[in-house]
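First up is the structure itself, then whatever we jot down about it.
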Amino acid sequence: MKRNTILLLVAAALMAAVSCGRENEQPTSCSTTDSWPAKKISRIVHSVGTFDYLTYDFTWEDDLLKEISCTMYDGSSLGRTVLEYDGGRLARVYPYDDAGTAYTDGAMHYHYGSDGRLERQTFLLPMRATGDLCQQTFDEVVPCELVYSYSDDSHASTVQANKTMDDGSVKTSTYLFEWNGGNVVSVSSDGQPLFSNMQYDSHPNPMRFPMGMETMGVTNMIFEGVLGNSVLFLGYAFCWSENNMTTLLSGSGQCSYTYDEDGFPTTKTIGTGSQSSIYTFSY
């Protein structure tokens, strides 16, 4: 799937949600480096069967994730994702394409309240004129924002997505999240269930990045605009949750993990029929 056409307009994301920190910290406060996992991922290799297809390399600086780059099996670049900070909190995320062109016009911007919680994210969303998911050109761009509300235990409970159309009208969708401890267990949208009965292991989730967004396993082609190819492994990870999801949101296949001596995953295997996809983690 070509990425350049997607990135030529603007970066974007459609549906998202936020949480940071560990169970005894406010998960919505992204103001300190403590929000990042105790062990830092340095590389993820995505293998299909025995074939190493994609490699993601992580660059850290002062305990903050600064960049995720992606290369194919032949060593060619698929671009990178850049994270910028202000006082230790994420301020902007945007991708570069494989030719080294930055797409800052469509960056995701972060807006915080005085309590350190993320209040809003603003971005530009490329829209298609047709419903063809394989179409790789976009016909218009609309300003969007994500507005967050929190429950008494500081977990994000609702995310309202607002799109401002060319005629000035605002289209709104609301996403509701239910939690069990530090993990999201169900998601609904405008009263309709999206995911439910999500299960987790008891080990720390190394993908619990305070990036201010949750792919929710949908609209991944659009998410490439703001996250670049990193969205391909963030999908279905539920980066809100403190543990690793053991169920598959698609409802098909099986998911299993192996762990290191600290309890962090070393491999994640997704099997469907006779095929398997393996993610290998290095720290």
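Rounded, prolate or oblate: which fits the stretch 54-110 when a ≥ b ≥ c are the square roots of the eigenvalues of the alpha-carbon gyration tensor, with rounded for a/c under 1.5 and prolate only if a/b beats b/c?
Verdict is oblate for the stretch 54-110.
Ignoring ligands and nucleic acids, what accessible area does residue 109 show with a 1.4 Å probe (Å², nearest 10)?
Answer for residue 109: close to 70 Å² accessible.
Got a number for the accessible area of residue 171? Probe 1.4 Å, square angstrom, nearest 10.
Surface accessible to solvent at residue 171 totals approximately 120 Å².
Given a 1.4 Å probe and the protein chains all in place, what does the accessible area of residue 148 round to, in Å² to the nearest 10?
The accessible area of residue 148 comes to roughly 20 Å².
How high is the FRET efficiency from residue 258 to residue 66, r the C-beta distance, R0 22 Å, rounded to 0.05?
0.20
The values are calculated or read from the model by the stated rules, or taken from the named source; none is laboratory data. Here the structure is a predicted model, which is why all the values come from computation and not from measurement. Note that we place each Cβ from the backbone using ideal geometry, even for glycine, and neighbour counts take in every protein chain shown. Ligands, DNA and RNA are excluded from the accessible area calculation, which covers all protein heavy atoms including side chains. Shrake-Rupley method; radii C 1.70, N 1.55, O 1.52, S 1.80 Å.
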